[in-house]
Amino acid sequence: MYKLMNIDLDGTLLNSSGEISDINKEAIKKAKEKGVEIVLASGRAVSSVKEFALELNSDNYLISGNRSNCI
């Protein structure tokens, strides 16, 4: 049983329009119902990643590598 699923945004989760497809939303919903923690990862800024995480109700953890986030 998987406990965590790490998903990249661009070129993976998002379609060519930069949106999360209904089929991906449904698959993530089913995984969450089975207790899988969803973690979104991207080189984008945290604020951009968080928008998608909130859309999926999966904003407990995020991975972001944008240098503008550095202190």
Close pairs (6 angstrom Cβ cut-off, 6 or more residues apart or separate chains): within 16 Å of Ala53 (Cα to Cα) in the range 28-39, of a type in the set (S, T, N, Q) and open to solvent by less than 100 Å² (accessible area, probe 1.4 Å) anywhere: Ile38/Ser58; Val39/Asn6
Of all the residues that make up the range 40-51, how many are open to solvent by 80 Å² or more (accessible area, probe 1.4 Å) and in contact (Cβ under 8 Å) with a residue 24 or more places away in the chain? 0
Test Asn6 against the stated conditions and say whether it is surrounded by fewer than 16 Cβ atoms within 10 Å (Cβ to Cβ), within 12 Å of the chain's Cα centre (by Cα) and not hydroxyl-bearing (Ser, Thr, Tyr). yes
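The values are calculated or read from the model by the stated rules, or taken from the named source; none is laboratory data. Everything numeric here is computed off the predicted structure, so don't read it as measured data. Because the Cβ atoms are built from the backbone with ideal geometry, glycine has one as well, and the counts that use them run over all protein chains shown. Remember, those area values only see protein heavy atoms, side chains included, never the ligands or the DNA or RNA. Shrake-Rupley method; radii C 1.70, N 1.55, O 1.52, S 1.80 Å.
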